[in-house]
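First up is the structure itself, then whatever we jot down about it.
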Amino acid sequence: MTTFTPVAPETAPASGTALTGKRRIAFASFVDENYLPGFLVLLRSLALSNPGVCEDFVVLHDDLKPSSIARIRALHPRIVLRRVDAEHYDSYVKGDQDNYLVRKAYFILDIFRLRDYDTVITLDTDMVVLGDLGELLQLREGLAAVPQFFYGQHKLNSGLLVIQREYLSDAFCAKIDQVGRSGSYELDKHDQGILNAVLDGDFVRLDARYNFVKRRLSGDLPVPDDTAILHFTGRHKPWQGGEAGYALAEDRWREFEMGDAEFHAAYLSKGNLHHDLLVHYGTPHVRRTGDVEAARKVAAGHIAAGEYQAAVDLLGSVRIPVDEAWPHEVLGHALMSVSRHEEAKTQLLLATAAPNRAATAYARLAQMAWVHGDNAEALKYATA
């Protein structure tokens, strides 16, 4: 039986997963200052394309600035920072030892040192998520990837990997080290070359739409509608000016190059929102705009998670028009839940003015009356 030795993270992942038995899944990328603009776009695209998904996002890094880390954290509530062991890869045989980009290309291999998760999905920072990733989140076996575009089915493209726990092991790391130190791999393919040498074709093949390389679109071809992840391989990145012949692809990337205000509003306009993302993006949006409808959504999310005081604080911070019944109802529910019954009664009575909210508001009023032992008033509200 393999012994797993945990690597202490700089920021620990949420511990609740161990208690609930929920499968532990994480996304992961290696990020440095040069590729930070791409990573910020990647985070926005992941949230907007998969608004109901919020897993830990492991950020491997060698020397990010505090200001860069703050920008990353602003875009995701479950960032897990891990500093790579850069010197570990100095012993690997490489095609160009002095090229700093070549050296950093190997750092993503640190992902195999994680011991905290059942599944890890790696994403290169020059990717943009355009579609649903539910199929990837449901994978349970093997190491999955898209085959390389130019080299047939035997070799994988390492831009996206779906790695199961069996590969997050000391034994697999030892195989990586052996190949890296011996140089028995395609040196110009860096981390990808090592993985292909270790796996020798033994990986789960994913459809190309999960790692759709831009080279498929040469000549300004449009991005296919079913593309889930678009990968800007090559030297010229969209945030560095891009490359001639790929304008339509780069337009898709720029859809997610936006400021916080635009991004928060875009996320809140989606359906099926994850609680953690709703709160993370919705709270600053409400503080910035005073948007009552957004405040109602975020407060309802707090209530669903049992965070009643947070709901009271947020909705209490905005001015709710008298005739906006739904926010009054939600605030009344939150106030009732923290035993501020008189204030709750006022809010719920305001909500009864709207036929589509009246039934729920009267039900809560009846419940409060019954709690206070006033059966006559409880009956009046219950039958209203």
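Bear in mind that the values in this text are calculations on the coordinates, not laboratory data. This structure is a prediction, so every number in the text was calculated from the model and none was measured. Glycine also receives a Cβ, built like all others from the backbone with ideal geometry; neighbour counts cover every protein chain displayed.
General observations
- Panel values: the stretch 237-324, Kirkwood radius from alpha carbon pairs, Stokes-Einstein at 37 °C and 0.692 mPa s, translational diffusion coefficient 222 µm²/s.
- Mean separation of Cα contacts under 8 Å, 6 or more apart, over the residue count of the stretch 16-254: relative contact order %: 20
- A DSSP coil position with no more than 15 other Cβ atoms inside 10 Å describes the following GluC sites (Glu not before Pro) in the stretch 106-211: Glu141, Glu186.
- Taking all Cα pairs closer than 8 Å and separated by 6 or more residues, the relative contact order of the stretch 260-382 comes to 15 percent.
- Magnitude of the charge dipole, the chain, Cβ model with Lys/Arg +1 and Asp/Glu -1, debye to 20: 460
- Residues of type aspartates and glutamates that Lys345 reaches as a straight line, Cα spacing below 20 Å, ignoring anything fewer than 8 places off in the same chain: Glu307, Asp313, Asp323, Glu324, Glu329, Asp374, Glu377
- The value given for the chain is a Kirkwood hydrodynamic radius of 23.3 Å, derived from the mean inverse Cα-Cα separation.
- Hits among lysines - C-alpha to C-alpha of Lys270 under 17 Å, sequence gap 8 or more where chains match: Lys297
- The stretch 128-190 and the stretch 320-384 have Cα centres spaced 55 Å apart.
- Pairs exceeding 24 Å between alpha-carbon atoms, taken from Lys65/Lys189; Lys22/Lys175; Lys104/Lys155; Lys65/Lys155: Lys65/Lys189; Lys22/Lys175; Lys65/Lys155.
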